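Please read the structure below before turning to the comments.
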Amino acid sequence: MQDEKLRAYLYLHFCVLIWGFTAILGKLISIEATPLVWWRVTICCATLLLIIPRAQFRELSRKTYLNLLGIGVLVGVHWLCFYGAIKLANASVAVACMALASFFSAFTEPLLLRQRIKWYELAIGVGVVPGMWLIAGNIDVSMIDGLIVGTGAALLAAIFTALNKKVVEQEKPPPALLMSFVEMFAGIGVTSIGLGILSATGNQYQFMPQGMDWLWMLILAWVCTLLPYYLTLKALRHISAFATNLTINLEPVYGVILAALIFQEHKDLDYRFYVGVGIILLAVFAHPFVKNYFERPKSKLA
């Protein structure tokens, strides 16, 4: 059991390293947030359709299929909010907002899974937030809209991670790749509606990727979406949604460094950056020890 948990954490840390490039790719790709997400999920679904055995589709129950479609809608809206935050503000603000996912997860997971709220997880979730803002730097007034949209992305991430946790804890959970396909298929529907709304309201946008956009889009879909999505679902079978979102808080550490190096969004990484990194690392690596400390008496009583 401990080996499985360790493997799950290693999966997550590898995913976080990959996700550190997500905001950078979102900035490099020239098309707007809605068509960007549409292409991302469409490429992922087309790829999965080629590699998933047809028998797995027939074995999926109607109830589970509908549940996964619902989760996929939340995932699709989350991605729209995340890339919308990048376009409205910048990559640093978008990834910093995701720090709130662990705070939201501290109460959304217990509510959705019918568990009691753990005060120490809520405290850790709150404690991470100052570290993220130290990393992101001062938020300009012009970026407030991006900040709000990014916060919405964090809330949605907390909700759909908890719902995925509920699915993978079933007696016979569906294969991770099949879950990924159904949820991303719902994401195509969400973004297609978004594109329709943009067209109906007369908004002009570039739909087709151009030039290097195709390379960045393929990397975004295959390397930064399919692989980590699959590994995260595998990891959720052995660790909580809160621990998952808490570990993902390391993403801004990589994302902001890359944003600083590539886009010069931060000319200098001053002491606030290093203090912020220290706070995040302390929270992420302290959580397993804090959890064992507060839950050990209960295991003894059991």
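The table below gives the values:
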{"item": "Residue, farthest from the chain's Cα centre (by Cα), within the stretch 51-68, restricted to residues that are among the aliphatic types (A, V, I, L, M) and over 13 Å from Ser180 (Cβ atoms)", "result": "Ala55"}
{"item": "All positions within the stretch 186-223 that are surrounded by fewer than 19 Cβ atoms within 10 Å (Cβ to Cβ), hydroxyl-bearing (Ser, Thr, Tyr) and closer than 25 Å to Leu50 by Cα", "result": "Ser192"}
{"item": "Subset tally (residues that are in contact (Cβ under 8 Å) with a residue 60 or more places away in the chain, closer than 26 Å to Thr34 by Cβ and of a type in the set (D, E, K, R)) for the stretch 137-186", "result": "1"}
{"item": "Qualifying position, being buried (at least 22 other Cβ atoms within 10 Å of the Cβ), within 30 Å of Arg62 (Cβ to Cβ) and of a type in the set (D, E, K, R), among Glu171, Glu183", "result": "Glu183"}
{"item": "Members of the stretch 187-239 found to be free of Cβ contacts under 8 Å to residues at least 40 places away in the same chain and small (Gly, Ala, Ser), listed by number", "result": "Gly196, Ser199, Ala200, Gly202, Gly211"}
{"item": "Residue within the stretch 77-84 that is closer than 22 Å to Gly211 by Cβ, touching a residue at least 40 places away in the same chain (Cβ under 8 Å) and of a type in the set (Ser, Thr, Tyr) present", "result": "yes"}
{"item": "Helices (runs of 4 or more DSSP H) within the stretch 159-251 that include 2 or more residues under 13 Å from the mean Cα position of the chain (by Cα)", "result": "227-235, 241-248"}
{"item": "Hits in the stretch 171-195 - residues which are modelled with pLDDT under 90 and over 23 Å from Thr232 (Cα atoms)", "result": "Gly194"}
{"item": "Of residues in the stretch 42-74 being under 23 Å from Lys166 (Cα atoms), among the β-branched types (Val, Ile, Thr) and in contact with a helix residue (DSSP H, G or I) (Cβ under 6 Å, 6 or more places away or on another chain), the one surrounded by the fewest Cβ atoms within 10 Å (Cβ to Cβ)", "result": "Ile52"}
{"item": "Search result, residues across the stretch 12-70 that are part of a loop (DSSP other than H, G, I, E, B), of a type outside the set (Ser, Thr, Tyr) and touching a residue at least 60 places away in the same chain (Cβ under 8 Å)", "result": "Gly20, Phe21, Ile29, Ile31, Glu32, Ile52, Leu60"}
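The values are calculated or read from the model by the stated rules, or taken from the named source; none is laboratory data. These numbers come from a predicted model, not from an experiment. Please note: Cβ atoms are built from the backbone with ideal geometry, for glycine as well, and neighbour counts cover all protein chains shown.
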